[in-house]
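Heads up, the thing below is written out as structure tokens.
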Amino acid sequence: MTRVMTDAMSHAMPRAIRLACTVLCLAAMPLAARAGNEIMVDRCSHEVSIVSAYGDKPGSNDAILLKRSNGKTNWTAPFRVRTSEDGFIRWWCHSTTGNQFDAGTWRIEEIYIGSKCKLYADGSTTDCGPDVDLKLGSSAWNGWTPERSRCKNRSRNLRARLDGNRKLLIECLPP
């Protein structure tokens, strides 16, 4: 049996295929991407605490704690934070417990570069050479490292989740 495709059928077919592809593509897209909200991507290999006020410590009142389960978490319910004067939100990464030598937690507090000599009463010197002193400090607090992020629209309304490959996703909801 031979099928005959009419002219109307040949024009309707591509439209139907395009429509089906569009519907499938939209269904596969995450809800946040459809809404056009900014999603900030950061990294943390363990727990994350997003504090409600920029100066707070992890575990403070109203902090959002995200713990990995099978490497991921679901999206949190929307929440609101108080930002720094520059619009930054504070979040803490709990990845330095037992790893005090994590490079991201160390800060140079003071550097002195000069020279040093032994000076004698007659004005002569010996043993001259460079003198360097470096004072390091740590930004970590009880194994938590402070981090910060800022939404382009300076929103304080957020939701967050942990994703695979150490990712932290923070969605900037409309202000």
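Here are a few things to note about the model shown:
- So residue 34, is it touching a helix residue (DSSP H, G or I) at 6+ places or on another chain (Cβ under 8 Å) and either among the hydroxyl-bearing types (Ser, Thr, Tyr) or at pLDDT below 95 (or both): yes
- Any hit, segment 2-15, residues being within 29 Å of residue 172 (Cβ to Cβ), open to solvent by less than 100 Å² (accessible area, probe 1.4 Å) and either charged (D, E, K, R) or at pLDDT below 55 (or both): no
- In segment 64-80, the residues that are in a strand (DSSP E or B) and either open to solvent by 70 Å² or more (accessible area, probe 1.4 Å) or under 14 Å from residue 44 (Cα atoms) (or both): 65, 66, 69, 72, 80
Conditions tested, residue by residue: (1) open to solvent by less than 40 Å² (accessible area, probe 1.4 Å); (2) at pLDDT 95 or above.
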| position | (1), (2) |
| --- | --- |
| 129 | yes, no |
| 135 | no, no |
| 142 | no, no |
| 161 | no, yes |
| 165 | no, no |
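- Where residue 88 falls short, out of the listed (1) under 19 Å from residue 167 (Cβ atoms); (2) of a type in the set (A, V, I, L, M, F, W, C); (3) modelled with pLDDT of 95 or more; (4) open to solvent by less than 50 Å² (accessible area, probe 1.4 Å): (1)
- Listed by first and then second residue, the pairs linking a residue in segment 34-59 that is under 18 Å from residue 73 (Cβ atoms) and open to solvent by less than 70 Å² (accessible area, probe 1.4 Å) to a residue that is part of a loop (DSSP other than H, G, I, E, B) and among the basic types (Lys, Arg), with Cβ atoms under 8 Å apart and 6 or more places separating them unless they lie on different chains, are 44/166; 45/166; 47/67; 47/68; 51/57.
- Criterion violated by residue 107 - all others in (1) assigned to a strand (DSSP E or B); (2) modelled with pLDDT under 85; (3) exposed (fewer than 10 other Cβ atoms within 10 Å of the Cβ) satisfied: (3)
The values are calculated or read from the model by the stated rules, or taken from the named source; none is laboratory data. This is a predicted model, so every value here is computed, not measured. For neighbour counting, all protein chains shown are included, and Cβ atoms are generated from backbone atoms with ideal geometry for every residue, glycine included. For the accessible areas, the whole protein counts, side chains as well, though only heavy atoms, and no ligand, DNA or RNA atoms are used. Shrake-Rupley method; radii C 1.70, N 1.55, O 1.52, S 1.80 Å.
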